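The values are calculated or read from the model by the stated rules, or taken from the named source; none is laboratory data. Note that the structure is predicted; figures quoted are calculated from it, not measured. Positions of Cβ are generated from backbone atoms using ideal geometry, with glycine treated the same way; all protein chains shown enter the neighbour counts.
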Amino acid sequence: MTLIKTALAAVGALAVGLAIGIAPASAEPPPTDQNVGEQVPDWAPAKPAEVWAGRPVVWTHMWGGRWGVWINDNFITLSSNPVTNGG
């Protein structure tokens, strides 16, 4: 009986969350053309290299802005965040 009450409470909480517009978390998809990257802002640090592991080094706005490469739909960072000077 306790299991049924717990399950009903969980389903009810999920229904309420969806009803008020709470969306499930999702990762940002990689860009369609990973070899181009994004527009580099004026405050960005110098590009560390033109290529890394055979892939072009590109700029991304993620994590406050970083240089890196796209490999298998994952972004490998090659620089730290220039705004916070770190992670």
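In table form, for the structure just shown:
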read-out: Count of the range 77-87 residues which are surrounded by fewer than 14 Cβ atoms within 10 Å (Cβ to Cβ) and at pLDDT 90 or above; value: 0
read-out: Identity of the residue in the range 64-75, without any contact (Cβ under 8 Å) to a residue 24 or more places away in the chain and of a type in the set (A, V, I, L, M, F, W, C), that ends up nearest to PRO41 (Cα to Cα); value: TRP67
read-out: Selection count where residues are in a loop (DSSP other than H, G, I, E, B) and among the hydroxyl-bearing types (Ser, Thr, Tyr), scope the range 27-67; value: 1
read-out: Some residue of the range 5-20 being out of contact with any helix residue (DSSP H, G or I) (no Cβ under 8 Å at 6 or more places or on another chain), part of a loop (DSSP other than H, G, I, E, B) and modelled with pLDDT under 65; value: yes
